[in-house]
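Each value in this text was obtained by applying a stated rule to the coordinates, not by laboratory testing. All values reported here derive from a predicted model rather than from experimental measurement. Here the Cβ positions follow ideal geometry from the backbone for every residue, glycine too, while neighbour counts run over all protein chains shown.
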Amino acid sequence: MSKIHLVFGGRVKDPRTLDFENLNAIDVVGFYEDYKSAENAWRGAAQRTVDDAEMKYVVVHLHRLLEPDLEAPAA
């Protein structure tokens, strides 16, 4: 299975959380097949809004959500 990563962001109610104000206004940056590409996209999006503390971008490991047992954490 491909390791799919999603990068998205938007305005949050509190910068310490991921409680987005308006899900209809989420900025979907894109889907990426490896973490390095996703991280580069995340850095670019985050840099564009660096002066706005209420804007937050994240990388979501979709492959972990689709098959959580595939990558069990090391003990």
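Given +1 at the Cβ of Lys and Arg, -1 at the Cβ of Asp and Glu and no other charges, the dipole of segment 5-66 around its Cα centre is 120 debye to the nearest 20. Over the chain, DSSP H runs of length four or greater, each weighted -39,500 (n - 2.57), average out per residue to a 222 nm ellipticity of -7500 deg cm²/dmol. This ranking places VAL28, VAL58 by how few other beta-carbon atoms lie within 10 Å of each, fewest first, which gives VAL28, VAL58. Of the residues VAL50, HIS5, VAL28, the one whose Cα sits farthest toward the positive end of the charge dipole of segment 5-66, with +1 on the Cβ of Lys and Arg and -1 on the Cβ of Asp and Glu, is HIS5. From most to least packed by mean Cβ count within 10 Å, the peptides 30-41, 45-56, 13-24 give 30-41, 45-56, 13-24. Spatial offset of segment 5-33 relative to segment 47-66 amounts to 6 Å, using the alpha carbon center of each. Of the residues HIS61, HIS5, the one with the fewest other Cβ atoms within 10 Å heads the list, and the complete ranking is HIS61, HIS5.
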